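Please read the structure below before turning to the comments.
The values are calculated or read from the model by the stated rules, or taken from the named source; none is laboratory data. Keep in mind that what you see is a predicted model, and the values were worked out from it rather than measured. Quick reminder, even Gly has a Cβ in these numbers, built from the backbone with ideal geometry, and neighbours come from all protein chains shown. Accessible surface is based on the protein model in full, side chains and every heavy atom, while ligands, DNA and RNA are left aside. Shrake-Rupley method; radii C 1.70, N 1.55, O 1.52, S 1.80 Å.
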Amino acid sequence: KGHLTSILTDNAIDYLEDRANSNDPWFLNLWYFAPHDPMQPDKAFAEKHPDDDAGKYYALLEQVDTEIGRLVGKLEQLGLHDDTLLVIVSDNGAKSRATKGNHPFIGGKSSFHEGAFRTPLLVRWPGRIESGVVEDKLASIQDIFPTLATAAGADVPLDIVGRDLFGADPAPRELFWEWKDSS
């Protein structure tokens, strides 16, 4: 029982607690569904925001931020903080009908405008990545796998589309999307 976002965090915390006393490497892949439809924030967060589409969206964002904070707090409490590469990324821009949160870009989720593709990417790896640095390099969700594989010391297949975000400064690239209209 409870809100799915909190339930997922609870399960992730259980997973971390199981690994806290082990020297074995581990991997946790946690995908929240919030702030996707249906816009149903937990009551405690909904009460802080207007009861409209934008308010529900912001309530869900606050809820996800809070749950990520719980997870990071547990990493610190368990002593896993310094050895953990943490990646937080969104799969698309904000819902443009609910909020103008993509400013100054136009468009949002399900569009081909820049507001659909410009998303936050936060990476935390104490002792290996300098804190507070803001990069303006072009990155893609396709870069996550080769980045994690390289960080873990695994070989990355040569035919992989993405690249290691921490590797040597690569040559500039262009990304493009194709869409076939099925109508």
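Pull out a ≥ b ≥ c, the square roots of the eigenvalues of the alpha-carbon gyration tensor of region 6-84, then state rounded if a/c is under 1.5, prolate if not and a/b is larger than b/c, and oblate in the remaining case. The partial results should precede the final answer.
Values: a/c = 3.36, a/b = 2.65, b/c = 1.27.
Because a/c hits 1.5 or more and a/b exceeds b/c, region 6-84 counts as prolate.
Give me the accessible area per residue for region 1-152, probe 1.4 Å, as a whole number in Å². Don't skip to the end; give the middle numbers.
On the way: 9830 Å² over 152 residues.
Averaged over the residues of region 1-152, the accessible area is 65 Å².
Counting only the backbone N, which residues of region 110-138 are under 16 Å from the spot 7 Å out from the Cα of Asp65 toward its beta-carbon?
Within reach of a label on Asp65, which here means backbone N under 16 Å from a point 7 Å along Cα→Cβ, region 110-138 contributes 120-122.
Given a 1.4 angstrom probe, I'd like the percentage of the accessible area of region 98-150 that is carbon and sulfur, rounded to a whole number. Show your work: numbers first, answer last.
Details: 2110 of 3720 Å².
Whole-percent figure for carbon plus sulfur exposure: 57.
About the Cα centre of the chain, how large is the charge dipole given +1 on each Lys and Arg Cβ and -1 on each Asp and Glu Cβ? Please answer in debye to the nearest 20. Please list the in-between numbers first.
On the way: 18 positive and 30 negative charges, 90 e Å.
Dipole about the Cα centre, nearest 20: 440 debye.
Let me cross-check Val64: its accessible surface, 1.4 Å probe, with only protein heavy atoms counted, in Å² to the nearest 10?
20
Taking the Cα centre of region 1-148 as the origin and placing charges on Cβ (Lys, Arg +1; Asp, Glu -1), which of Pro35, Thr147, Thr9 is farthest toward the positive end of the dipole?
The listed residue farthest towards the positive side: Pro35.
First measure r as the distance between the Cβ atoms of Val133 and Val89, then evaluate 1/(1 + (r/R0)^6) with R0 = 22 Å and state the FRET efficiency to the nearest 0.05.
Values: r = 16 Å, r/R0 = 0.75.
Here the calculated transfer efficiency is 0.85.
Please label the shape of the chain as rounded, prolate or oblate, based on the square roots a ≥ b ≥ c of the eigenvalues of the alpha-carbon gyration tensor (a/c under 1.5 means rounded; beyond that, a/b larger than b/c means prolate, else oblate).
On the way: a/c = 1.93, a/b = 1.07, b/c = 1.80.
Note, shape of the chain comes out oblate.
Looking at this model, which pairs from Lys48/Lys109; Lys74/Lys109; Lys48/Lys137; Lys56/Lys109 are more than 28 angstrom apart at the alpha-carbon? Can you show the working numbers first?
Working: Lys48/Lys109 25 Å; Lys74/Lys109 32 Å; Lys48/Lys137 35 Å; Lys56/Lys109 16 Å.
Lys74/Lys109; Lys48/Lys137, as the Cα separations exceed 28 Å there.
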